[in-house]
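Computed from the coordinates by the stated procedures, all read-outs in this text should not be read as laboratory data. Every value quoted in this text rests on a predicted model; they were computed, and no experiment measured them. Cβ placement follows ideal geometry from the backbone for every residue including glycine, while neighbour counts extend to all protein chains displayed.
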Amino acid sequence: MATSKTKKPAPAASPAEVPIVSSTTITLDALARELGPADGAFAARTYAGIPEEDLVTEGTRIDSQSLIDDVPHFVASARRILGSLSEAQRAKVRMPAALLPLLVAEAGRLQAMKRSHDAAATEAAGARAALEVQGRSAMRDGIGERDLCYDGLRNALGARRMARVDAVVGRADSPESLAKGLEALASFIDETRRADPAQDAKLLEDYGVGAECAAALRATAQRVRGVASVQIAAGRRVTQRALDLQDGRVAVVIEKILRAFRAARRVDGTILVPELNKAAWMFEARSGSSAKKPPPAGEKPSSGGEKPSSAGETLPPAAGGAPGAVPSAQGETTPILGADG
């Protein structure tokens, strides 16, 4: 007699579960494709009450690359945490769904701006290096031409007549001084030829310091002066101020996300807070004391004196910490940007 096998039902999948993505595959582009574009109207509301100068000032405190590197994992961490929460817990995280797509979009814009800025800076540095090489070459050629002319004049006219040459030849401590000395030598040759066309003019030609030499001296002077006058135009598509402004925009959104999770954790200690790495120091919360840990080496220094942390609130216990150790929110330092957001 055949026995029937009872098929076990498959375990129900959590509807809010978010796939765990390996650290090597989490990118801003991948997150942007998955989350979709940012809500423009929501973005406008988010930044409406924050002066641009405040965003720029905040942006000067952090290196752009630190934010670019941290955001993908920060967003993935936030999504994993949200996916693990019950509906009741999720309700405690008072954060609009549009905030994560906005952060990804702002960080993506920052990444594109930094690439453009760095490419232009590299191009300008290369151009400056090439120009320096041209400048050194022009100076060497000018000094060589001057010295050849000087010795030719001495052979042609004799040492006693070189006093005026010594007075006008000048020095070669700058492109301009060298150019003036070359032009003065050319003028001396022309005047000497005109003053005594029968004797001196022929002597100058005999020793190769005649009319052609004077013309060569003037051409070399023009080249020396021309290379020195060339400047590399600062035609960057993205200025440092624009980068700082975008850094500030990204920092504001990170701050809002952290504030929402930290507030929820103060109520329910089992709710974790998304993780930051390179930029963590900027958002470290402070309780009571105004002392702030200095940024790690390589980060942007604070401009115009010490500025309160952008994140402002007291840090709840770290992941896995005891719920009973949750500090009171009363000793918090007020954040400066997006405080009401």
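Things worth noting here:
- Straight Cα distances below 13 angstrom link residue 114 to the aspartates and glutamates 63, 69, 106, 244, 247, with same-chain residues fewer than 8 positions distant left out.
- Sorted from greatest to least, the principal axis extents spanned by the alpha carbons of segment 80-122 come out as 52, 16, 10 Å.
- FRET efficiency, residue 141 to residue 195 (Cβ-Cβ, R0 22 Å, nearest 0.05): 0.15
- For segment 96-162, the calculated P(r) over all alpha carbon pairs, in 10 Å bins from 0 to the bin holding the longest distance, is 17, 18, 15, 14, 12, 9, 7, 5, 3, 0 percent.
- Relative counts (whole %) of C-alpha pair distances in segment 157-217, using bins that are 10 Å wide: 23, 53, 21, 2
- Burial ranking of peptide ranges 44-50, 111-117, 273-279 (average Cβ count within 10 Å, highest at the top): 273-279, 111-117, 44-50
- Unit charges at the beta carbon, dipole of segment 156-233: most positive-side option, 210, 156, 184: 184
- Burial ranking of peptide ranges 149-160, 242-253 (average Cβ count within 10 Å, highest at the top): 242-253, 149-160
- The Stokes-Einstein estimate for segment 59-138, based on a Kirkwood radius over Cα pairs and taken at 20 °C with 1.002 mPa s viscosity, is a diffusion coefficient of 133 µm²/s.
- Around residue 177: net Lys/Arg minus Asp/Glu count, Cβ-Cβ under 14 Å: +1
- Percent of C-alpha pairs per 5 Å bin, segment 114-225, short to long: 2, 12, 20, 19, 13, 9, 6, 5, 4, 3, 3, 2, 1, 0
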